């Protein structure tokens, strides 16, 4: 047999295998499935209306609030919470800390799907999505735009995450040669991925630098990019702890005994990392507040207290909870800290994009129920795809 | 790491950084002769001919300026009307103020646009190109004057804003609003000339005007300039926007991008090589083995 025939054969085998793998396994009429399927159907109907009658037909967007829940939550918050992938890649691949190896694949998969779906949600929000390729194919490069940088980095990083995860796919499809080749790319893609993560996580903050007169001064500073970058580190770590807890309950049978055992140590390590980064973030915030004498005076009334709630209630307190949990090996405390931290990130990103944005506006923006249903739809589809991947490919344990 | 791996790594990284290295820096000085319009609010009588003329020229919603009593409430420019006139009751009586795109010298919307759909033309008007725009609305987020407006109820939404009648300018005509103004409240020309006229009016009637020209330095200077009898915050202008051109706020970040893109990968590669203990481990093993042999 010549090479083409072999390749043809292999390809045919893969297609049959793939179709086989697409079929559902086990009973599928679970409460989660029923709720998620109904939500997804509702979301699709809303999207049909959105694409036939315009954004205004289903969203509460206005001329004063051009960016709503789909950008503020799905994209800006979703990407921050997906920061775990670049942190864990850095730790395992660059710093060679084998301890975290067992969560590398699942974290990369989570990151990849988060980027596909949450930055993909951007497409739903674009008024003229058929021009999406303009910034990529080069007929019109807006070099001076932070958005240009973010768009490119989203695209490249999603590709990098796919390459980082691809050895698992090759293993699943039994393409041994391909797997070896793809594994060889890991270091390069991790280095690239970390660099552009740094830039687009901070870039999301830099997007708002020009909105200076619109954002409440307590949330605006020239250090927004730095704050977004640092907070994405502990956001990602907390999300890994949070998701790991759920995964260990649901996919218990897929996770090997050895991984179970070391998982406690991993959680302690992640919590330690989160505690330190959160303290750094808190320090930056405090420094920015104290450095500029004018800012002190803003700590009064509703906005001052709202700011303190975010910084003390959702940064400083979970930071101490993490430290306490690590010191005393109290995993319940660590879980509470992780949930508080994730809520704090959501609060912070929504504050910058929606709540403290146009804080003086008379007509406030609230997401419509359709915007929330579509967001839930995106989350549910992501969970479905994630579940499909982990139940079929060697994600939790390596073969 | 072997040489092949090193090369593969370096080439991948280098290729990925390429499209982002060119960060153009705009000159902070005004060097070109951009055109603009001087609005003398003391001359405006609130007839709103400019609103009608603008909408007729650009095929937008034409207001019934005689009967719709629109001056009764405060309006903003919209996706249907690129310019509106508002009425303000002040200590110096009723003042009418026309609002539209300010056509900034260094516009935030142009710096924001990732596809160059918003552009500052050589002549000065800031225009929008629907063939490029992808509708991300970052221009709306960035504009300090909240001027770009989106058509939320269209499946092919446009970004709507005053273009200073760019097509008319190319035919050698004045903007439609300027031409329609019956009281000469609007004056079209190059900014340098307009500034001279404006200063002349302020100096010769110091009791009639406040001693400043809105748009001279605001957000780095704008194409449209305003004269007023009362402080500008009393007639609907924001006076807290500063004199820094808005693209300056993101300039430092953008300049750091190529630095990070080349510096950080090298740093990470170095960290990775530093933590490579494979050679040491094998050397240690060998040492131990030779020690065993000696015993």
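Since every read-out is calculated from the coordinates, none of them should be taken as a lab result. Remember, it's a predicted structure, so these values are computed and weren't measured experimentally. No Cβ is skipped: glycine too gets one built from the backbone with ideal geometry, and neighbour counts run over all protein chains shown.
Which whole-angstrom value gives the distance between the alpha carbon centres of region B:85-160 and region A:85-105?
That distance is 46 Å.
Just to be sure I understand: with springs between alpha-carbon atoms less than 10 Å apart, which residue in A:96, A:179, A:13 has the highest mean-square fluctuation in the Gaussian network model of chain A?
Sorting by GNM fluctuation, first place goes to A:13.
Eigenvalues of the Cα gyration tensor times 5, then square-rooted: what semi-axes does that give for region A:38-180, in whole angstrom, largest first?
33, 19, 16
Distance from the Cα centre of region A:134-189 to that of region B:235-293, in angstrom?
19
Taking the Cβ-Cβ separation of residue B:277 and residue A:276 as r and a Förster radius of 25 Å, what is the calculated FRET efficiency to the nearest 0.05?
Numbers: r = 24 Å, r/R0 = 0.98.
E between residue B:277 and residue A:276, to the nearest 0.05, is 0.55.
Just to confirm my numbers, what's the Cα centroid distance between region A:259-338 and region A:1-77 in Å?
Comparing the Cα centres of region A:259-338 and region A:1-77, I get a distance of 34 Å.
Taking R0 as 60 Å, what FRET efficiency do you get between residue B:260 and residue B:208 from their Cβ-Cβ distance, rounded to the nearest 0.05?
Between residue B:260 and residue B:208 the formula returns 0.65.
For chain A, with a Gaussian network of springs between Cα atoms less than 10 Å apart, report the residue from A:301, A:68, A:120 with the top mean-square fluctuation.
A:301
Using the alpha carbons of region B:35-243, what is the convex hull volume per residue in cubic angstrom, as a whole number?
It comes to 121 Å³ per residue, whole-number rounded.
In a Gaussian network model over chain A where Cα atoms closer than 10 Å are linked, find which of A:195, A:107, A:158 has the largest mean-square fluctuation.
A:195
Would you compute, from DSSP H runs of 4+ residues alone, the mean residue ellipticity of chain A at 222 nm, taking -39500 (n - 2.57) per run and dividing by the full residue count, rounded to the nearest 500?
Values: 17 runs with 259 residues, N = 399.
After summing the helix terms and dividing by the residues of chain A, the value is -21500 deg cm²/dmol.
Would you calculate the separation in nanometres between label points at residue A:294 and residue A:16, each defined as 7 Å from the Cα along the Cα-to-beta-carbon direction?
7.3
How high is the FRET efficiency from residue B:233 to residue B:153, r the C-beta distance, R0 30 Å, rounded to 0.05?
Numbers: r = 33 Å, r/R0 = 1.11.
Approximately 0.35, to the nearest 0.05.
In nm, to one decimal, how far is the residue B:58 label point from the residue A:49 one, both placed 7 Å along Cα→Cβ?
3.1
Given the DSSP H assignment, sum -39500 (n - 2.57) over each helix run of at least 4 residues in chain B and divide by its residue total; what's the result at 222 nm in deg cm²/dmol, nearest 500? Could you put the intermediate results ahead of the total?
Details: 9 runs with 103 residues, N = 295.
Counting only the DSSP helices, I get -10500 deg cm²/dmol.
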